[in-house]
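The structure appears below as structure tokens.
The values are calculated or read from the model by the stated rules, or taken from the named source; none is laboratory data. Predicted model, so just to flag it, every value in this text is computed and none were measured. Here Cβ is always computed from backbone atoms with ideal geometry, including for glycine, and neighbour counts include all displayed protein chains. Accessible surface is based on the protein model in full, side chains and every heavy atom, while ligands, DNA and RNA are left aside. Shrake-Rupley method; radii C 1.70, N 1.55, O 1.52, S 1.80 Å.
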Amino acid sequence: WKHGGIVGVFGYGGGVIGRYRDQPQEFPGVAHFHTMRVNQPSGKFYTAEYLRKLCDLWDLRGSGVTNMHGSTGDIIFLGTTTPQLEEIFYELTHNLGQDLGGSGSNLRTPSDCIGAARCEYACYDTHALCYDLTQEYQDELHRPAFPYKFKFKFDGCPNCCVASIARADMSFIGTWKDDIRIDEEAVAAYIGGEIAPNGGAHSGRDWGPFNIQSEIIDNCPTGCMWMEGD
């Protein structure tokens, strides 16, 4: 396979990864097998209707093979021919309201966790920041000008659900900014079993009595918590 830099869509230097077979006469079906990266929405929220439209487009004009948010973070369309690139790009941008993502030596598609939309741990609006910086750096995203790739990723809290520490060059990680707050009544109810451990995920199975010392306090990496009496 020849990788990258050969083909693209008009006005963009990124978003399409050109792949050609070096023995096209033996494998004409994959003489071209270009990859297209599609910019995912913040938090990766989709409707089933939207996903069907993406899949229908790729079944019509590509191989039908996709990679949903692999190591790159983008939606990946795997395998199409050069004449189909502009057709797919037009359909994405004009009819589906979607843009290509980043590829090559430039800014890659920014991505974020589900944030405050679905998670109680988010300490800032990851969607707003991801969207704003995606818009701000459109030129860097689509027209490679860097010596190497560069990634932003946005984690709402130190749980790091988009693995920004491991997989980004610039990590945005939300942290708690106030004094630690403890709801003593809720803690007592949790210990007493009035509040189901782990949000009820373990219901129906006997895990034994909940032990706050071994399951919570001993697992704190900072050692900042302890129990006195109740």
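Per-structure values
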read-out	value
Rounded to the nearest 10 Å², the accessible area of GLU91 at probe 1.4 Å	70
Rounded tilt (10° steps) of 126-136 against the dominant C-alpha axis of the chain	30
Simple Cβ-charge dipole of region 85-213, Lys/Arg +1 and Asp/Glu -1, about Cα centre, in debye nearest 20	480
The chain, relative contact order in percent, only Cα pairs under 8 angstrom and at least six apart counted	15
Note, ³J(HN,Hα) from phi for region 93-110, Karplus 6.51, -1.76, 1.60, rounded to Hz, x at Gly and Pro	7, 8, 10, 9, x, 10, 10, 6, x, x, 8, x, 7, 7, 5, 8, 4, x
Interchain or long-range residues, amide H under 5 Å from GLN40's placed H	ILE75
Among the listed pairs LYS44/LYS149; LYS53/LYS151; LYS53/LYS149, those beyond 26 Å (Cα-Cα)	LYS53/LYS151; LYS53/LYS149
Per residue accessible area in Å² of the chain, where ligands, DNA and RNA are left out and the probe is 1.4 Å	61
Reduced Cα scattering model of region 159-230, Debye log10 I(q)/I(0), q = 0.18 Å⁻¹	-0.95
Distance (nanometres) between label positions extended 7 Å along Cα→Cβ at GLN213 and LYS53	5.8
Apportionment of accessible area to carbon and sulfur, the chain, percent (1.4 Å)	53
